[in-house]
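To start, the structure itself, in structure tokens.
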Amino acid sequence: RELQEMVYRLAEFRTAEEVGIPLPEARPDRIVVEMSPEQQEVYTRLRRLARATKEEIALDPTARRRLLGLLHKMSLASVHHLLPSPPGSFGEGEEEGKRRRPWEWSEAMAVPLADCHSPKLDAVVKKIMQSPHCGHIVFCDNIAIHAWMLRCLVEAGMPAERIGLLNAVKAKDPAARQAVAEGFNGDEESGTAPLYDVVIANAVAYEGIDLQVRTCAIYHLDLPYEPATLQQRNGRGVRQGNKQA
């Protein structure tokens, strides 16, 4: 707060609308899909555990932490049925206090192609393939989804070389991330054509990455906890310089 007060003494912060900077028209669209039978099975089991854990909180305060973990796993299951249980993880034993191990990139790429699909991923792939030559940004925090989305897009006909990845595994440093952004935007002045039509990203792209030049759609496969983070995601494309709606 002290730092913020110092900055506000020296600078004035105003929105693009307040200073007359033109921004692309943003039209939010909520696409509702039913969970697959596999997702419903996982989700129902987790919900049952969550209800039982909720009853334990009065006697065991540590149950609150386990409950939050279960709610998080339920949100993962709503994206893909495999997300809550990486290979070698503890499964239900995790609810006993053991920490969930995240998916590794190599593990996600080893999943059979048929198991990469989920209704949410398939819905996004369908939307992208309807207009494959403008810029699409797909957000999901979990890198396993990045791997599965990549493979589903390639299966649908999107060339793998036209898909950029912005995560800590495939773009490890700022230079690599900037290269993906430049490959997505292209450069009209120099006549440099875009290298990528799709960028699949997570938190590494929330700030400091400009993807606005040709973005026509932003997809959120999951939702961040804070509204400000969602605004940061949308800000990759809804910003000055983007002439597309």
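The values are calculated or read from the model by the stated rules, or taken from the named source; none is laboratory data. Only a predicted model underlies this, so the values are computations on that prediction, with no experimental measurement involved. Neighbour counts are summed over all protein chains in view; Cβ atoms, including those assigned to glycine, are modelled from backbone coordinates with ideal geometry. All accessible areas refer to the heavy atoms of the entire protein, side chains included, with ligands and DNA or RNA removed. Shrake-Rupley method; radii C 1.70, N 1.55, O 1.52, S 1.80 Å.
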Within segment 41-49, identify whether any single residue is over 30 Å from Lys126 (Cα atoms) and surrounded by fewer than 13 Cβ atoms within 10 Å (Cβ to Cβ), and answer yes or no. yes
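Tell me the residue from Arg233, Arg151, Arg214, Arg162 that is in contact with a strand residue (DSSP E or B) (Cβ under 8 Å, 6 or more places away or on another chain) and either modelled with pLDDT of 95 or more or among the hydroxyl-bearing types (Ser, Thr, Tyr) (or both), please. Lay out the reasoning, then the answer.
Numbers: Arg233 fails: either modelled with pLDDT of 95 or more or among the hydroxyl-bearing types (Ser, Thr, Tyr) (or both); Arg151 fails: in contact with a strand residue (DSSP E or B) (Cβ under 8 Å, 6 or more places away or on another chain); Arg214 fails: either modelled with pLDDT of 95 or more or among the hydroxyl-bearing types (Ser, Thr, Tyr) (or both).
Exactly one of Arg233, Arg151, Arg214, Arg162 is in contact with a strand residue (DSSP E or B) (Cβ under 8 Å, 6 or more places away or on another chain) and either modelled with pLDDT of 95 or more or among the hydroxyl-bearing types (Ser, Thr, Tyr) (or both), namely Arg162.
For segment 161-176, enumerate the residues that are open to solvent by 50 Å² or more (accessible area, probe 1.4 Å) and not β-branched (Val, Ile, Thr).
Here is the first cut: in segment 161-176, the ones open to solvent by 50 Å² or more (accessible area, probe 1.4 Å) are 161-162, 168-170, 172-175.
The answer is Glu161, Arg162, Ala168, Lys170, Lys172, Asp173, Pro174, Ala175.
Only residues that are of a type in the set (S, T, N, Q) and over 23 Å from Ala217 (Cα atoms): list them for segment 1-30, please.
First, the residues of segment 1-30 that are of a type in the set (S, T, N, Q): 4, 15.
Within segment 1-30, Gln4 is the sole residue that qualifies.
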Six or more apart or on different chains, Cβ atoms under 8 Å: show the pairs whose first residue is in segment 67-89 and over 15 Å from Arg45 (Cβ atoms) and of a type in the set (Lys, Arg) and whose second is modelled with pLDDT of 95 or more and in a loop (DSSP other than H, G, I, E, B). none
Suppose we filter Val204, Val199 for residues that are open to solvent by less than 30 Å² (accessible area, probe 1.4 Å) and within 12 Å of the chain's Cα centre (by Cα); which single one remains? Val199
Restrict the check to segment 135-151 and report whether at least one residue is open to solvent by 50 Å² or more (accessible area, probe 1.4 Å) and in contact (Cβ under 8 Å) with a residue 60 or more places away in the chain. yes
What do you reckon, is Tyr225 among the aromatic types (Phe, Trp, Tyr), without any contact (Cβ under 8 Å) to a residue 60 or more places away in the chain and crowded, with 18+ Cβ neighbours inside 10 Å? no
